[in-house]
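Beneath this line is the structure, given in structure tokens, with notes to follow.
The values are calculated or read from the model by the stated rules, or taken from the named source; none is laboratory data. Not measured: the values here are computed from a predicted model. Virtual Cβ from ideal backbone geometry, glycine too; neighbours counted across all protein chains shown.
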Amino acid sequence: MAILKILQYPDERLHKIAKKVEQVTDDTRRLIRDMAETMYAAPGVGLAATQVDVHLQLFVADVSETHNQLRVFINPEILALGGEEESEEGCLSVPGIYEKVTRAEKVTVRALDENGQPFTLEAEGFLAVCIQHEIDHLRGKVFVEHLSQLKQMRIRAKLKKRMREIL
């Protein structure tokens, strides 16, 4: 297993639209293991393949407090959305930035698991938010793009300043 490099916003590669996984193979499962290790090490609760510069419809998530309930979503498709809630979100690709985003409170998603078996999941609360956030990544959208243009400009400026301070 390996820790993968996570792309940082506003890297243009984060805006690539992911392609369907045609077949779940050993390479796919290796990517899943590497993504899970990367997510846990970061630490985070979700990671889309797009964030590690692999443009396939795949993400991993674990919103449990014990970090031992990994969920794998391959070719995820939202079937239904319900309700609305505003909650604070962060992102491994936008480190240190947390903002309130409005999303559906409940979501029904269909996907394949790490063995290529189809499943349907009804999720609510934090897991529902995480699923929508990661599917956005697969569609080439970063959570800050749900915010006003002014907030997006401020976030970009803050991240650029932080990068200058690091270098």
Query raised in the report: Taking the condition at pLDDT 95 or above, part of a helix (DSSP H, G or I) and closer than 17 Å to Asp136 by Cα, does Arg29 pass?
Result: no
Query raised in the report: Going by the structure shown, is Ile155 in contact (Cβ under 8 Å) with a residue 24 or more places away in the chain, farther than 25 Å from Leu58 by Cα and surrounded by 14 or more Cβ atoms within 10 Å (Cβ to Cβ)?
Result: yes
Query - Residue list for segment 123-133, filter: closer than 11 Å to Ile78 by Cβ and either assigned to a helix (DSSP H, G or I) or in contact (Cβ under 8 Å) with a residue 60 or more places away in the chain (or both) - result: Ala128, Ile131, Gln132
Query raised in the report: Only one residue in Thr120, Thr108 is at pLDDT 95 or above, of a type in the set (Ser, Thr, Tyr) and within 27 Å of Arg30 (Cβ to Cβ), so which one is that?
Result: Thr120
Query raised in the report: Among (1) closer than 21 Å to Val142 by Cβ; (2) among the acidic types (Asp, Glu); (3) surrounded by 13 or more Cβ atoms within 10 Å (Cβ to Cβ), which single condition is Glu12 missing?
Result: (3)
Query raised in the report: From Thr66, Thr25, Thr50, which residue is among the hydroxyl-bearing types (Ser, Thr, Tyr), more than 20 Å from Phe126 (Cβ to Cβ) and surrounded by fewer than 19 Cβ atoms within 10 Å (Cβ to Cβ)?
Result: Thr25
Requested in this report: Quick one: count up the residues across segment 39-68 that are of a type outside the set (A, V, I, L, M), part of a helix (DSSP H, G or I) and free of Cβ contacts under 8 Å to residues at least 60 places away in the same chain.
Outcome: 1
Query - Residue among Val129, Val142 that alone is touching a Lys or Arg at 6+ places or on another chain (Cβ under 7 Å) and within 27 Å of Arg29 (Cα to Cα) - result: Val129
Report task. Output the residues belonging to segment 69-122 that are part of a loop (DSSP other than H, G, I, E, B) and surrounded by 13 or more Cβ atoms within 10 Å (Cβ to Cβ). Result -> Leu70, Leu92, Ser93, Ala104, Glu105, Asp113, Glu114, Gly116
